[in-house]
Amino acid sequence: MSHSALVSVTTEEDLIQKEQVGTLHFGPTDVLATPADRRVRAHNIERACTLGNAHHGKVVMHFLTADGHPYRLETTVWACDETYITLKAGAVLPVRAVTEIEFI
């Protein structure tokens, strides 16, 4: 079983800073279509949160905005629940927008 939930993205992702996340708009529906992909994503978010809290380790978050534009962000995850991910510096990203988490 793969440990990354993936969505095919045909456009190149823009790399942004965590401070820019608050300026983006996210859609109301989940970007992942299957429950299996959502379970993998939830597991990886939990791992990223543990890594961030215990070791201040960074991950690369891949996500889509409401208009379908792909972004990526290198960050430390400080907190998470079923709905939101809190990043270093207090930025908040909705779980439903995340397509993949890379452990670096």
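At a glance:
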item	result
log₁₀ of I(q)/I(0) at q = 0.12, 0.14, 0.15 Å⁻¹ - the chain, Debye sum with one point per alpha carbon	-0.33, -0.46, -0.53
Potential extension, Thr50-Ala79 segment - 0.36 nm per residue separation minus Cα distance	9.6 nm
Mean Cβ neighbour count within 10 Å, used as a protection proxy, ranking 52-65, 15-28, 78-91 highest first	52-65, 78-91, 15-28
Geometric extent, Cα atoms of the stretch 10-62 - Rg, Dmax (angstrom)	13.3, 35
Burial ordering of Thr29, Thr76, fewest other beta-carbon atoms within 10 Å first	Thr29, Thr76
Among Arg38, Arg72, Arg47: highest mean-square fluctuation, GNM of the chain, C-alpha pairs under 10 Å	Arg47
Within the stretch 56-76: backbone nitrogen closer than 19 Å to the Glu102 label point (7 Å, Cα to C-beta)	57-65, 69-76
Selection from Val95, His55, Pro70 lying farthest towards where the dipole of the stretch 42-104 points positive, charges on Cβ	His55
For the chain, calculated [θ]222 nm from helices alone, where every DSSP H run of n ≥ 4 adds -39500 (n - 2.57)	-7000 deg cm²/dmol
Leu15 paired with Lys88, simple spin-label distance in nm, labels 7 Å along Cα-to-beta-carbon	1.5
Size of electric dipole in the stretch 39-104: Cβ of Lys, Arg +1 and of Asp, Glu -1, about Cα centre, debye, nearest 20	80
Chain lengthening between Arg39 and His25 when straightened (0.36 nm per residue, less Cα-Cα)	2.7 nm
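Any read-out appearing in this document is the output of simple, stated calculations on the displayed coordinates, not a laboratory observation. All values reported here derive from a predicted model rather than from experimental measurement. Glycine also receives a Cβ, built like all others from the backbone with ideal geometry; neighbour counts cover every protein chain displayed.
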